[in-house]
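Okay, so here's the structure we're looking at.
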Amino acid sequence: MTEAPHAAGHLAQLNVATLLHPFDDPRMTPFVEMLDPVNAAADAAPGFVWRLVEEGAADATGLRPAGEDVVVNLSVWRTQEALWDFAYRSGHLEVMRRRREWFARHVEAHMVLWWVPGGHLPTVGEALERLADLRAHGPSPRAFTFACAYTAAEAAQHLGTVEAVR
Amino acid sequence: MKDIDAIAVLQDPVRRRLYEYVVAQGREVGRNEAAEAAGVARTLAAHHLDKLTQVGLLESGSRRLTGRSGPGAGRPAKVYTRARVERSVSLPARDYRTAAELLAEAAEQAGLDAVLCAAARRRGEGLRGSAAPCGGLEEAMETLAARGYEPHVEASGGVEGGAPVVRMRNCPFHAVAERFPPLVCGMNLALLEGLIGADGPVRARMDARPGECCVVLEDSKNNEH
């Protein structure tokens with residue numbers, strides 16, 4: 001899918017999940033079986049722009065940039081509503097509902113949202129920095145959550161002010 | 001407009017019928033259609049529908065109902081849908097929503113999904129009030145309607161002739177479900193599983209879509225998905 005540059009920006013999302021069992025453990029099978037259909041649903045979802053995929057693979061579960069037992073999920077969406085509807089109002093909700101069967105509970109934030117210029121695809125390093133920012137400083141226009149969200153305009157205004165002050 | 005004033009507007013029986021009709025359709029409804037359904041004249045229906053819009057119970061827009069456009073298509077008609085805002089009145093003032101949100105936040109932080117779901121399933125079983133599981137989709141719809149889920153039948157997968165599934169327009173836990181979706185939607189599924197009963201002719205499963213309850217009910221004989 002090609003994307004024209006979009007002045008209002010796109011919403012990037014990263015979440016990390018620590019596996020309770022190795023991927024080939026039978027207890028992980030229901031999760032592994034849901035990967036393909038849920039990823040296909042994401043690709044077809046309204047407002048979907050991009051998701052991180054390992055070269056030669058259908059998903060990013062083989063990449064472990066945040067630790068051997070930590071899978072990362074990095075994607076870009078047109079709007080916050082589009083991401084929310086996919087995350088919580090599609091087949092993805094069933095994965096979320098059963099998350100405790102497969103993933104350790106994170107004490108620190110495990111999901112972060114931030115705005116990127118339209119057409120920009122965030123790198124894993126960039127995404128992990130945003131998560132570190134959220135963990136260190138709490139929600140801000142640079143790194144936020146659904147519960148404390150900023151619109152693209154609000155974030156641009158805040159970050160613009162910060163730039164001007166510097 | 002205070003919630004209590006908005007709700008008071010529903011006391012008029014004609015208005016109430018019109019409101020309930022629009023809400024039950026789950027789509028935009030024109031004045032003629034609403035008037036016919038409520039058994040009143042079009043002008044009276046229009047008056048009441050506009051009153052319902054004015055107090056914020058309905059939202060109105062305009063659309064060409066014929067589906068045609070361009071010259072000769074006729075002027076756009078006024079259409080109505082349910083407003084998304086939630087109204088509640090409690091006398092004396094009580095704030096169960098904040099309590100529910102705080103409890104959900106604590107349960108989420110402590111990772112209590114399984115404990116919450118077990119409690120919800122037991123509550124559902126208790127509410128069922130019979131040892132036998134629900135006897136069929138029709139009975140299930142009555143049970144769900146009584147609990148505010150606004151059930152309606154749809155062909156599965158949206159395919160004509162597909163096996164019927166029961167979907168629900170309303171989530172009784174909407175406000176908390178929006179803030180803690182996996183936790184509260186999981187609780188809702190467990191509650192419904194308890195309410196319907198295990199190993200009966202009807203089963204509940206999660207099939208979330210925007211703007212509706214996350215669960216569908218279907219004949220347990222349909223095993224394919």
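Remarks
- Selection over region B:188-224 of residues that are open to solvent by 10 Å² or more (accessible area, probe 1.4 Å), among the polar types (S, T, N, Q) and closer than 21 Å to B:Cys117 by Cβ gives a count of 1.
- Checking each residue in region A:59-89 for being of a type outside the set (A, V, I, L, M, F, W, C) and farther than 30 Å from A:Ala156 by Cα picks out A:Asp59, A:Thr61, A:Gly62, A:Arg64, A:Gly67, A:Glu68, A:Asp69.
- Enumerated strands (runs of 3 or more DSSP E) restricted to region B:107-225, each holding at least 2 residues that are free of Cβ contacts under 8 Å to residues at least 40 places away in the same chain, more than 10 Å from chain A (Cβ to nearest Cβ) and on the phi < 0 side of the Ramachandran plot: B:151-155, B:202-206
- In a residue-by-residue description of region A:17-28, the property of being farther than 23 Å from B:Pro182 by Cα and crowded, with 19+ Cβ neighbours inside 10 Å applies to no position.
- Among the residues examined, A:Ala40 does not qualify as open to solvent by less than 20 Å² (accessible area, probe 1.4 Å) and either modelled with pLDDT of 95 or more or part of a strand (DSSP E or B) (or both).
- Restricting region A:59-91 to residues that are of a type outside the set (A, V, I, L, M) and at the interface with chain B (Cβ under 8 Å from one of its Cβ atoms) leaves a set whose member that is farthest from B:Ala118 (Cα to Cα) is A:Asp85.
- Here B:Ala37 meets the list (1) closer than 30 Å to B:Pro181 by Cα; (2) open to solvent by 30 Å² or more (accessible area, probe 1.4 Å); (3) aliphatic (A, V, I, L, M) almost entirely, failing just condition (1).
- In region B:10-45, the residues that are under 17 Å from B:Gly61 (Cα atoms) and assigned to a loop (DSSP other than H, G, I, E, B): B:Gly26, B:Arg27, B:Glu28
- Looking only at residues of region A:92-115 that are part of a strand (DSSP E or B) and open to solvent by 10 Å² or more (accessible area, probe 1.4 Å), we find that the one that is farthest from the other protein chains (Cβ to nearest Cβ) is A:Trp115.
- Selection within region B:106-128 - open to solvent by 70 Å² or more (accessible area, probe 1.4 Å) and of a type outside the set (A, V, I, L, M): B:Gln109, B:Arg121, B:Arg122, B:Arg123, B:Glu125
- Count - residues of region B:160-179 that are over 21 Å from B:Ala24 (Cα atoms) and open to solvent by less than 20 Å² (accessible area, probe 1.4 Å): 1
- Boolean, A:Ala104 is over 13 Å from the mean Cα position of the chain (by Cα), of a type outside the set (D, E, K, R) and under 23 Å from A:Gly138 (Cβ atoms): yes
The values are calculated or read from the model by the stated rules, or taken from the named source; none is laboratory data. No experiment lies behind these values; they were computed from the predicted model shown. Cβ coordinates were reconstructed from backbone atoms using ideal geometry, including for glycine residues, and neighbour counts include every protein chain displayed. Quick note on the areas: whole protein, heavy atoms, side chains included, nothing else; ligands and nucleic acids left out. Shrake-Rupley method; radii C 1.70, N 1.55, O 1.52, S 1.80 Å.
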